[in-house]
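Asker: Right, I'll just put the structure down here and ask away after.
The numbers here are math on the coordinates, done by the rules we state, and not lab data. Only a predicted model underlies this, so the values are computations on that prediction, with no experimental measurement involved. Here the Cβ is made from the backbone with ideal geometry for all residues, glycine too, and neighbour counts use every protein chain on show.
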Amino acid sequence: MNLGQAIIEALESLRSNKLRSGLTILGIVIGVAAVIAMLAVGQGAQDSITGSISGIGTNLLFVFEGNTSFNVSNPKPITISDAEALLDPFQAPSVADVSGAITGQVEVVFGSEQKNTSVVGITPNYQTMRSFDLIEGSFITDDNLYGNASVVVLGNDVVNKLFGRQEGVVGEMVRINGSPFRVIGVLGKKGGGSFGSQDDIVLVPFTTAQSRLIRNTNRDELDVMLVQATSADAVMSASDEVSQILRTRHRTNLGEDDFTVFSQQDFVSTAQSITGVLTIFLGGIAAISLLVGGIGIMNIMLVSVTERTREIGLRKALGARRRDILTQFLTESSLLSMIGGLIGIALGFLIAVIVGRIAQASGTPFTPSVSLNSVLMATIFSTAVGLFFGIYPANRAAGLEPVEALRYE
Amino acid sequence: MPDCIIQAHGVTKTYQMGEVQVNALAGVDLCINRGEVVSIMGPSGSGKSTLMNILGCLDHPTEGSYTLDGEEVAHLRDDQLAGIRNRKVGFIFQNFNLLPRQTAIANVELPMRYAGITEGRKERAIEALKLVGLGDRLTHRPAELSGGQQQRVAIARSLVNDPAIIMADEPTGNLDSRSGKEIMELLLKLNSERGTTLIIVTHDSNVSAQTQRVIRLKDGLVEVAA
């Protein structure tokens, strides 16, 4: 008996019991759809997080004080002179630009609205390094910086909260920790929010922040230093050069760096490993429902074997070998799960799209992506489930004694 | 020396029913000639179903030897027995045992499928159905056929692989007397035209009267073998 015939016959048999076949298939459909949708959502979350990290800027390194792997006694702070030293084109040829920043928490007030947010004291080159877009006004200039000017560029969320609009804000006066600041620009929306909000911030000139908003003991001290490499390929060598220069300047012992250089890629891989775990977790839960669907197949196939005992006996009397009966029942169970798998893929795709729409509508732009891999995996896995859970019933059918089976009522 | 297509020697069959051992067959010696029409009769419990199962290669004898068409089959494995059944034995059952969802043609094709025949199956099935007088019912399903017609489909199915013997278990048992008579006529006609050996297990003395020889079983033994 060849496979084509087996399939035709199996289809006929499944069609003769439409409701039962349909319900069995439904179990697999739900399992596969859940797997596909969950993997798609996980992948989408990953894409969105990596996307927002890339949105921070291009080819950036972040330098922090201290070391995450062990405690360093007396870590020296990163200072403005450290930043200047990194601009040396001979010692650090891979470094394109350096910008230091200090950060703190402030309260911003306009009229009766107030918002607690992060303030970042910056230099003008910060804009290009972080690829900030302005929807209105201008960025902080050198004049602002040297003049200790009381000017502020507002992040998108802050503008929305304080003014309830995004335009016609430039020129207004807001109070930051009680002192008046003039709004000179409004940042465009960067999105993300998964890696610290990039919209819930206000930017002021570095000098202003240092003298009026953030009280540091050391006036030279930076909270974070941004280093831009000349190209994507130069990020690694830039990182080495930065570490080398800082080691020399901070006179650290070998292997005891009192600073940490983090590249965007580091953030991306950290985020990826987190979302990876999330995806596996979601997929694992979904896989359980696929397993339950498989048990459903086994159940139905067992019922079907009992119901068709006489038929099996007859087929054996007419010369069907063990293998023929085995093939017949395995074909049926694999077809059940394969059809379920195909419908499940379509449904899972649909669910992924709907989740994407809902996320979009609720203001978290993120697109679940169904990968070819997960589709292939779901198809193979669901068919395998059918085969696996069909083996026991099929074996039982094939092992029936023809005499007993023919006598069965 | 008669040409025995079926030759059984000391065939016994013992069932274990819980604690009790039941000797369904207690040593049957039997020779059935090629082309013969034989009926097997006996009260219920005499072992005639067991004998038919063993003669039809559906079951193994506990002891003894059994040669079918020159092949010793008593100790073959299950799948080998399936092959023997497929090629050498045609079965006709009391309750027809057709596949309910399949057409007459598909039902008749079934033994050829298990024989691995792929070419000309449909033609042979149609030919067999015409032979039993169902040339106009080819695509009907069992539910659309009368009992007599269903049994004709079963007959067509039993002879489509050109078997050495046809085993019929109460072939007229579920039929009214008129179609029962027609079925017997058809079976006898096939025997005389094609020379197929025919073994009929029956209660009905009208049926056994039409056969050339009656084998009576009692308590697992052949009572009269003429």
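Asker: Could you work out [θ]222 nm for the protein assembly as shown from helices alone, using -39500 (n - 2.57) per DSSP H run of at least four and dividing by all its residues? Round to the nearest 500 deg cm²/dmol.
Answerer: -15000 deg cm²/dmol
Asker: Could you work out the relative contact order of chain A, using alpha carbon pairs under 8 angstrom and six or more residues apart, expressed as a whole percent?
Answerer: So the answer I get is 30 percent.
Asker: Here is a further query. Once you've got the Cα coordinates, tell me which of A:161/A:190; B:122/B:189; B:48/B:218; B:48/B:181; B:122/B:181 are over 19 Å apart.
Answerer: From the list (A:161/A:190; B:122/B:189; B:48/B:218; B:48/B:181; B:122/B:181), the Cα-Cα distance tops 19 Å for B:122/B:189; B:48/B:181; B:122/B:181.
Asker: Where q = 0.17, 0.18, 0.20 Å⁻¹, what log10 of I(q)/I(0) comes from the Debye formula for the range B:81-205, counting one point per Cα?
Answerer: -0.80, -0.91, -1.14
Asker: Quick one: net charge around residue A:132, please, counting Lys, Arg +1 and Asp, Glu -1 for every other residue with C-beta under 12 Å from its C-beta.
Answerer: +1
Asker: Taking amide hydrogens as modeled 1.01 Å from N in the peptide plane, which residues meet the under 5 Å criterion relative to residue B:168, leaving out close sequence neighbours?
Answerer: B:92, B:199, B:200, B:201
Asker: Once you have the Cα-Cα distance between residue A:172 and residue A:248, take 0.36 nm times their residue separation minus that, and quote the gain in nm to one decimal.
Answerer: Once the chain is fully extended between residue A:172 and residue A:248, it gains 22.7 nm.
Asker: Moving on. No other cysteine beta carbon under 4.7 Å away is the test; run it over the protein assembly as shown and list who passes.
Answerer: Isolated Cys, the protein assembly as shown: B:57.
Asker: So, one more: Out of the range B:35-122, which GluC sites (Glu not before Pro) are coil in DSSP terms and have no more than 13 other C-beta atoms within 10 Å?
Answerer: Counting only loop positions with at most 13 other Cβ atoms within 10 Å, the GluC sites (Glu not before Pro) in the range B:35-122 are B:119.
Asker: Moving on. Note down the net charge around residue A:104, summing +1 for each Lys or Arg and -1 for each Asp or Glu among other residues with Cβ under 13 Å from its Cβ.
Answerer: Summing Lys/Arg as +1 and Asp/Glu as -1 gives -1.
Asker: For a paramagnetic label modelled at 7 Å from the Cα of residue A:211 toward its Cβ, which residues of the range A:141-169 fall within the zone defined by backbone nitrogen distances under 12 Å?
Answerer: Taking a point 7 Å out along Cα→Cβ of residue A:211, the residues of the range A:141-169 whose backbone N falls under 12 Å are A:144-151.
Asker: Shifting gears a bit: I need the phi-derived Karplus couplings for the range A:135-145: 6.51 cos²θ - 1.76 cosθ + 1.60, θ = phi - 60°, integer Hz, Gly and Pro marked x.
Answerer: Calculated HN-Hα couplings, in order: 8, 7, x, 9, 8, 5, 9, 4, 4, 4, 5 Hz.
Asker: Let me ask another. Could you work out Rg/(2.2 N^0.38 Å) for the range B:4-224, with Rg from alpha carbons only?
Answerer: Against the compact-globule rule of thumb, the ratio is 1.01.
Asker: Taking amide hydrogens as modeled 1.01 Å from N in the peptide plane, which residues meet the under 5 Å criterion relative to residue B:215, leaving out close sequence neighbours?
Answerer: Those qualifying (amide H under 5 Å, at least 5 residues apart or on another chain) are B:39, B:40, B:41.
Asker: Using θ = phi - 60° and the Karplus curve 6.51 cos²θ - 1.76 cosθ + 1.60, what whole-Hz ³J(HN,Hα) does each residue of the range B:92-108 get, with Gly and Pro shown as x?
Answerer: 10, 10, 4, 9, 6, 6, 9, 6, x, 8, 9, 6, 4, 4, 4, 4, 6
Asker: Rounded to the nearest 0.05, what FRET efficiency do residue A:2 and residue A:182 have when you use their Cβ-Cβ distance and R0 = 56 Å?
Answerer: 0.10
Asker: Between the DSSP loop rule and a limit of at most 14 other Cβ atoms within 10 Å, which GluC sites (Glu not before Pro) in the range A:305-340 are left?
Answerer: Taking the range A:305-340 and a limit of 14 other Cβ atoms within 10 Å, no loop GluC sites (Glu not before Pro) are found.
Asker: Right, another one. Kindly express, to the nearest 10 degrees and within the range 0 to 90, the angle between helix A:235-250's C-alpha long axis and the longest C-alpha principal axis of chain A.
Answerer: With both axes taken from Cα atoms, the answer is about 40 degrees.
Asker: By a straight-distance test (C-alpha under 16 Å), which aspartates and glutamates pair with residue A:189 as possible cross-link partners, with residues fewer than eight away in the same chain excluded?
Answerer: Within the straight-line cut-off, residue A:189 pairs with A:133, A:136, A:157, A:167, A:199, A:200.
Asker: Same structure again: Would you mind getting me the FRET efficiency between residue B:9 and residue B:34? Use the beta-carbon distance for r and R0 = 22 Å, nearest 0.05.
Answerer: Using R0 = 22 Å, I get an efficiency of 0.75.
Asker: Using only the alpha carbons of the range A:87-140, determine the length spanned along each of the three principal axes and report them from longest to shortest in whole angstroms.
Answerer: Extents along the principal axes: 53, 24, 13 Å.
Asker: Could you bin all the Cα-Cα distances of the protein assembly as shown into 20 Å bins starting at 0 and give me the percent of pairs in each, rounded to whole numbers?
Answerer: 16, 29, 17, 14, 16, 9, 0
Asker: Post the alpha-carbon centroid distance, the range B:24-60 to the range A:262-287, in whole angstrom.
Answerer: The range B:24-60 and the range A:262-287 have Cα centres spaced 72 Å from each other.
Asker: Cα-based Rg of the range A:76-257 per 2.2 N^0.38 Å, rounded to two decimals?
Answerer: Normalised Cα radius of gyration, the range A:76-257: 1.10.
Asker: Going through the range B:174-226, which GluC sites (Glu not before Pro) have at most 11 other Cβ atoms within 10 Å and a DSSP loop state?
Answerer: none
Asker: Could you grab the Rg to Rh ratio for the range A:295-409? Cα atoms only, Kirkwood for Rh.
Answerer: Expressed as Rg/Rh, it is 1.25.
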